[in-house]
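Heads up: the structure comes next, in structure tokens.
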Amino acid sequence: MRDNERVALYQKIHKHPLFKGTSENEFTKFIADCQVKYYKQSEKVIYFETPDEGLFLVLEGNAEVFIESEEGQSVLLEVLQEGEIIGFSHIAHYSGETMSPIIKHRLELEIIENSYCVQIPASVVKARLQDNAVRKFILKEMSIRLGNVYASLSEQVKLGDEWGKSEPFVRRAKDLMSSPVITAQLTDSVQDIANIMTTQSISSVMVVDQDEQLVGIITEKDLVERVLGQGQPYSLCAVDIMTIKPFTVSPNDYYYEILSIFYKNGIKHLPVVDGNTLTGVITFQNLISKRDRGAMGILKTIEESSFDNLPVVKDAIYDVLTSLITDEISTIHTLEIITKLYDRLARHCVKLAVQSLEKQGFGLPPVAFSWYQMGSGARGEQFMLTDQDHFLVYADSADQQKKILAEDYFALLGEEIVQHLEQVGYARCVGKMMSDEEIWRGSISEWQQRLQEWSIKATDEHILLGYNFLSFRFLFGNVSVNKSFTTMVQNQLKSAQTFLYYMAQQEQNNLIPQFEQSLFSLFKAKSKHDIIDIKLHALFPMHHCLQILGVLKNLINRTPLQLLDGLVQTGELSVGFANDIRHAYEVALGARIQLAWKKHLRGEKSSTEIKFASIRRWERDELKTMLKTVQALQSHLIAKL
């Protein structure tokens with residue numbers, strides 16, 4: 001540690017309520033008995049092995065605190081952030097209220113990010129407890145901690161009964177936030193804001209402009225550091241001390257995603273914003289009362305995985321999937337949760353691929369790029385790992401040498417991405433629709449030429465490529481490249497009406513059978529009269545119709561459900577018809593998941609065929625209604641074109 005860094009840390013310790021007010025000589029004696037340590041991410045610290053260890057203060061960074069049960073299992077107790085302390089259970093002993101310390105448990109700290117911490121021994125704690133201000137501070141901290149413990153206990157009991165193991169993956173921001181939000185105007189004085197916090201018993205205030213749009217946040221920490229700590233007068237206004245552009249979440253963000261934002265950014269308050277409207281606020285303490293080690297465990301497993309241990313991520317995600325299916329969480333909800341985890345994993349694989357090339361001496365990407373998924377992953381339907389479907393797009397370059405360099409680099413990156421995804425458990429695509437293939441990577445102008453060729457020569461092969469391509473979804477890379485690419489695709493599709501007509505014609509040639517016939521005579525596969533292929537007869541026709549209708553309304557780079565919402569907003573589909581399609585979509589996906597999951601548990605080969613003889617009557621009726629809806633969607637598209 002450099003001298004200036006050491007001085008800054010010691011000054012920070014001196015300003016902490018435990019030492020504030022001590023003279024330089026007193027502080028020097030106290031700090032000589034303390035241990036200031038630097039801990040690396042994921043490092044573990046055993047604490048409370050003896051009562052003389054005193055208090056443990058986090059100066060910078062944060063750490064999870066676990067308590068070991070009698071069975072030897074670790075249970076998450078709390079999370080320490082900057083300025084927070086553990087060790088309060090011995091305070092009564094240090095202050096002379098009890099003769100014997102608590103020695104029946106020990107704590108284990110796992111460092112979440114690189115941290116500086118201070119261990120304050122019992123001798124120093126006892127000496128500081130003689131100061132009334134210190135005693136008042138510790139009493140306040142212990143009261144808050146006790147309240148959080150009770151809230152956590154009651155919440156865990158309640159949620160355990162309600163959701164089972166799926167709770168941290170099911171709960172959203174709108175279920176957790178406090179509302180309405182206490183706000184302040186830009187011109188409100190610091191004195192008024194402090195009074196609001198005191199009277200409302202809150203630790204933060206959201207700052208809004210005259211249109212009630214969120215422009216900043218003021219926390220207790222801001223008041224201490226930017227007003228009291230700097231000796232600034234109370235005549236300052238909100239605009240002078242607020243943190244501008246605070247981190248925000250949407251009402252539909254999941255618990256574990258929000259917790260990840262708190263962890264990564266070291267913050268304690270998150271405004272909840274729906275579009276441009278401030279709808280609520282979530283505090284870190286509120287979220288911690290609903291904490292779950294498994295929820296963060298899966299994120300850590302993904303984010304900290306290297307090439308060698310990527311295979312363990314699949315098992316971790318499958319464990320989450322098992323909980324969701326066991327707890328009978330709805331199909332759409334389950335897929336949304338699992339898709340977010342797979343998206344994190346895919347992005348991580350691309351990052352690792354870029355890092356791998358850099359380590360091999362190929363440097364960083366010569367131009368900006370973006371990476372897209374296709375197929376079930378892009379549609380948000382991938383609940384189990386299947387095969388790979390993805391492509392690469394990179395920025396154009398006027399310099400010929402740089403253009404050649406980009407071609408060579410992204411050929412290597414495409415192969416690296418495929419290898420990393422394969423290491424996770426994604427099989428290579430039999431149809432070679434992956435970014436290691438020349439046809440599935442290129443500059444924006446090369447992609448434009450490719451799309452022109454497909455639309456001019458509307459062969460069956462090109463129509464198949466078009467269907468797969470139109471399911472694309474941006475997942476990683478440069479936002480500007482994605483915007484330019486998406487705009488190019490939209491413009492290109494406007495002049496590809498003939499190609500769209502041929503795509504729709506294929507749907508006309510593959511109509512869902514009429515239902516005047518006996519249900520068992522509708523579907524024929526290898527001489528069997530009682531089989532439906534849920535993918536072939538339901539999901540594919542639904543996807544194709546929505547894709548084509550979406551293109552006609554300039555809607556691309558979306559999942560099927562996002563397309564449905566867009567088609568309603570543009571007036572292409574009525575709300576009632578869209579709800580019927582949404583229900584049919586969930587029925588089809590639910591049937592596919594149940595079928596595939598049962599086969600997975602039995603170790604059988606995956607299949608999308610359902611035998612009517614093997615399902616109950618109500619399930620047959622539900623499938624029949626679903627297929628009628630898909631047929632109605634086909635008819636709507638054909639009439640449109």
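The values are calculated or read from the model by the stated rules, or taken from the named source; none is laboratory data. Bear in mind that the values here come from a model prediction, so they are computed numbers and not experimental data. Positions of Cβ are generated from backbone atoms using ideal geometry, with glycine treated the same way; all protein chains shown enter the neighbour counts.
Does Leu555 satisfy being at pLDDT 90 or above, within 28 Å of the chain's Cα centre (by Cα) and hydrophobic (A, V, I, L, M, F, W, C)? Before you say what the answer is, go through the steps one by one.
Details: at pLDDT 90 or above: yes; within 28 Å of the chain's Cα centre (by Cα): yes; hydrophobic (A, V, I, L, M, F, W, C): yes.
So Leu555 fits the description; yes.
Within the bounds of region 583-598, is there any residue that is of a type in the set (Ser, Thr, Tyr), buried (at least 17 other Cβ atoms within 10 Å of the Cβ) and either assigned by TED's automatic domain parsing to the domain that holds Asn509 or at negative phi (or both)?
Step one: filter region 583-598 for residues of a type in the set (Ser, Thr, Tyr), giving 585.
Keeping just the survivors that are buried (at least 17 other Cβ atoms within 10 Å of the Cβ) gives 585.
Retained after the next criterion (residues that are either assigned by TED's automatic domain parsing to the domain that holds Asn509 or at negative phi (or both)): 585.
Checking region 583-598: at least one residue is of a type in the set (Ser, Thr, Tyr), buried (at least 17 other Cβ atoms within 10 Å of the Cβ) and either assigned by TED's automatic domain parsing to the domain that holds Asn509 or at negative phi (or both).
Taking the stated definitions as given, is Lys300 closer than 28 Å to Val79 by Cβ, out of contact with any strand residue (DSSP E or B) (no Cβ under 9 Å at 6 or more places or on another chain), part of a helix (DSSP H, G or I) and free of Cβ contacts under 8 Å to residues at least 24 places away in the same chain? Even if it seems obvious, please write down each step before you answer.
Values: closer than 28 Å to Val79 by Cβ: yes; out of contact with any strand residue (DSSP E or B) (no Cβ under 9 Å at 6 or more places or on another chain): yes; part of a helix (DSSP H, G or I): yes; free of Cβ contacts under 8 Å to residues at least 24 places away in the same chain: yes.
The answer is yes for Lys300.
The rows are residues; the columns are (1) part of a helix (DSSP H, G or I); (2) farther than 30 Å from Asn491 by Cβ.
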position: His544; (1), (2): yes, no
position: Ile556; (1), (2): no, no
position: Leu563; (1), (2): yes, no
position: Ala596; (1), (2): yes, yes
position: His600; (1), (2): yes, yes
position: Arg620; (1), (2): yes, yes
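Listed residues Arg558, Arg617; which is of a type outside the set (S, T, N, Q) and more than 30 Å from Asn482 (Cβ to Cβ)? Explain how you work it out, then say what you get.
Working: Arg558 fails: more than 30 Å from Asn482 (Cβ to Cβ).
From the options Arg558, Arg617, the qualifying one is Arg617.
Among Thr339, Thr326, Thr334, which is β-branched (Val, Ile, Thr) and buried (at least 23 other Cβ atoms within 10 Å of the Cβ)?
On the way: Thr339 fails: buried (at least 23 other Cβ atoms within 10 Å of the Cβ); Thr326 fails: buried (at least 23 other Cβ atoms within 10 Å of the Cβ).
Just a single option satisfies the conditions, and that option is Thr334.
Can you name every residue in region 30-59 that is in a helix (DSSP H, G or I) and surrounded by fewer than 13 Cβ atoms within 10 Å (Cβ to Cβ)?
Initial filter on region 30-59 (in a helix (DSSP H, G or I)): 30-33, 51-53.
Across region 30-59, the qualifying residues are Ala32, Asp52.
From the list Gly477, Gly442, exactly one residue is farther than 30 Å from Ala584 by Cβ and modelled with pLDDT of 95 or more. Which is it?
Numbers: Gly477 fails: modelled with pLDDT of 95 or more.
The match here is Gly442.
Would you be able to tell me the number of residues in region 329-342 that are touching a Gly at 6+ places or on another chain (Cβ under 9 Å) and assigned to a loop (DSSP other than H, G, I, E, B)?
1
Would you pick out the residues in region 399-428 that are surrounded by 21 or more Cβ atoms within 10 Å (Cβ to Cβ) and outside any helix (DSSP H, G or I)?
Tyr426 - this is the single residue of region 399-428 that is surrounded by 21 or more Cβ atoms within 10 Å (Cβ to Cβ) and outside any helix (DSSP H, G or I).
Give region 542-569 a look and list any residue that's aliphatic (A, V, I, L, M) and touching a residue at least 60 places away in the same chain (Cβ under 8 Å), or say none.
Kept after step one, since they are aliphatic (A, V, I, L, M), are these residues of region 542-569: 542, 546, 548-549, 551-552, 555-556, 561, 563-564, 567-568.
Passing the criteria: Met542, Leu546, Ile548, Leu549, Val551, Leu552, Ile556, Leu561.
Going through region 354-387 one residue at a time, which ones are touching a strand residue (DSSP E or B) at 6+ places or on another chain (Cβ under 7 Å) and either buried (at least 20 other Cβ atoms within 10 Å of the Cβ) or in the same structural domain as Ile556 (by TED's automatic domain parsing) (or both)?
Phe369, Ser370, Trp371, Tyr372, Gln373, Met374, Ala378
What residue, among those in region 429-449 that are more than 25 Å from Gln382 (Cβ to Cβ) and free of Cβ contacts under 8 Å to residues at least 12 places away in the same chain, is nearest to the chain's Cα centre (by Cα)?
If we take residues in region 429-449 being more than 25 Å from Gln382 (Cβ to Cβ) and free of Cβ contacts under 8 Å to residues at least 12 places away in the same chain, then Glu446 is nearest to the chain's Cα centre (by Cα).
For region 219-228, give me each residue that is closer than 13 Å to Ile196 by Cβ and either of a type in the set (D, E, K, R) or under 26 Å from the mean Cα position of the chain (by Cα) (or both).
Going through region 219-228, the residues closer than 13 Å to Ile196 by Cβ turn out to be 219-220, 223.
Within region 219-228, Thr219, Glu220 qualify.
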